[in-house]
Amino acid sequence: MSYSFRCENVIPGCEGEVHGETEAETLQAAAEHAASVHDLNELDAETVEKVKASITAD
């Protein structure tokens, strides 16, 4: 099973999408996307929870 996260679910207008083999890997990829694209080097707990809630199994 694989997992995906669409950034627009947390940041409207962003077309970024990341994938991983586990939820943890997908969360890490989302954090890397946030740092490189949105200049968000640290995500607060609320944002992390939003990201986790938006990760879907493919």
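Going by what's in this entry, would A57 be described as among the aliphatic types (A, V, I, L, M) and surrounded by 15 or more Cβ atoms within 10 Å (Cβ to Cβ)?
So A57 does not fit the description; no.
State the number of residues belonging to the stretch 3-17 that are within 13 Å of L27 (Cβ to Cβ) and either assigned to a strand (DSSP E or B) or touching a Leu at 6+ places or on another chain (Cβ under 8 Å) (or both).
3
Pairs under 8 Å by beta carbon, first residue touching a residue at least 24 places away in the same chain (Cβ under 8 Å) in the stretch 35-58, partner assigned to a loop (DSSP other than H, G, I, E, B) and loosely packed, with under 13 Cβ neighbours inside 10 Å, six or more apart or different chains?
Matching pairs, first to second residue: A57/M1; A57/S2; D58/M1; D58/S2.
Quick check on my filter: what residues within the stretch 20-31 are over 12 Å from V51 (Cβ atoms) and exposed (fewer than 14 other Cβ atoms within 10 Å of the Cβ)?
Correct list: E21, T22.
Being at pLDDT below 95 and touching a strand residue (DSSP E or B) at 6+ places or on another chain (Cβ under 8 Å) is the filter here, so list the residues in the stretch 13-58 that pass it.
Result: D58, single match.
Give me the pairs: first residue in the stretch 1-12 and over 9 Å from S54 (Cβ atoms) and modelled with pLDDT under 95, second residue assigned to a loop (DSSP other than H, G, I, E, B) and not acidic (D, E), beta-carbon distance under 9 Å, and six or more apart or on different chains, which are they?
These pairs meet every condition: M1/T22.
Looking only at the stretch 34-47, which residues are surrounded by fewer than 14 Cβ atoms within 10 Å (Cβ to Cβ) and in a helix (DSSP H, G or I)?
Selection gives A35, S36, V37, A45, E46.
The values are calculated or read from the model by the stated rules, or taken from the named source; none is laboratory data. Every value quoted in this text rests on a predicted model; they were computed, and no experiment measured them. So basically every Cβ, Gly included, is an ideal-geometry build from the backbone, and we count neighbours across all protein chains shown.
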